[in-house]
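The values are calculated or read from the model by the stated rules, or taken from the named source; none is laboratory data. Worth saying up front: this structure is predicted, and the values here are computed from it rather than measured. Every residue, glycine as well, gets a Cβ built from its backbone with ideal geometry; the counts of neighbours run over all protein chains shown. To get the accessible areas, we keep the full protein, side chains included, count just its heavy atoms, and leave off ligands, DNA and RNA. Shrake-Rupley method; radii C 1.70, N 1.55, O 1.52, S 1.80 Å.
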Amino acid sequence: AMNRVQLLGRVGQDPIMRQVEGKNPVTIFSLATNEMWRTGDSEVSQGALVFLCTLGDISQKTTWHRISVFRPGLRDVTYQYVRKGSRIFVEGKIDYGEYTDKNNVRRQATTIIA
């Protein structure tokens, strides 16, 4: 069994470090990835922008990912050096969690554990 994800994108805001009671701190930030494809094309091309420009109209989809960094060394380096707008590569696993919001509604939260 394997749960592994690789993302290359831009950081949405400066990371925050959160201390959860009785647990180790965690650094959290959001990461945006873009998918581009030619209109009328079902095939998604990433990074082939120059090539696509000559071929027709381009559509783009931005996806936001929530990244959590628990590992002590990595967590601190991320908090110190990663900034809004940074272009970074993240490797980790997908975690499907549940939480209860302030209105007592159970919600799903998908997080990438870096």
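The residue of segment 59-104 that is nearest to the chain's Cα centre (by Cα), among those that are among the polar types (S, T, N, Q) and at pLDDT 95 or above, is SER68. For ARG107, the criteria (1) modelled with pLDDT under 95; (2) under 17 Å from VAL20 (Cβ atoms) hold in every case but one, which is (2).
Could you grab me the full set of residues in segment 94-110 that are open to solvent by 100 Å² or more (accessible area, probe 1.4 Å) and not in a loop (DSSP other than H, G, I, E, B)?
First, pick out the residues of segment 94-110 that are open to solvent by 100 Å² or more (accessible area, probe 1.4 Å): 96, 98-99, 102-104, 106-108.
Listed by number, the residues that qualify are TYR96, GLU98, TYR99, ARG106, ARG107, GLN108.
A search for C-beta distances below 6 Å between a residue of segment 12-38 that is in a loop (DSSP other than H, G, I, E, B) and any residue that is among the polar types (S, T, N, Q), counting only pairs 6+ apart in sequence or on different chains, returns GLY12/SER30; PRO15/THR27; PRO15/THR78; PRO25/GLN19.
Taken together, GLY47, GLY56 contain a single residue that is modelled with pLDDT under 75, assigned to a loop (DSSP other than H, G, I, E, B) and open to solvent by less than 40 Å² (accessible area, probe 1.4 Å), which is GLY56. Across segment 6-32, the number of residues qualifying as open to solvent by less than 30 Å² (accessible area, probe 1.4 Å), of a type in the set (S, T, N, Q) and under 16 Å from TYR81 (Cβ atoms) comes to 1.
Would you point out the residue of segment 61-93, among those that are charged (D, E, K, R) and part of a strand (DSSP E or B), that is surrounded by the most Cβ atoms within 10 Å (Cβ to Cβ)? Among them, the one singled out is ARG66.
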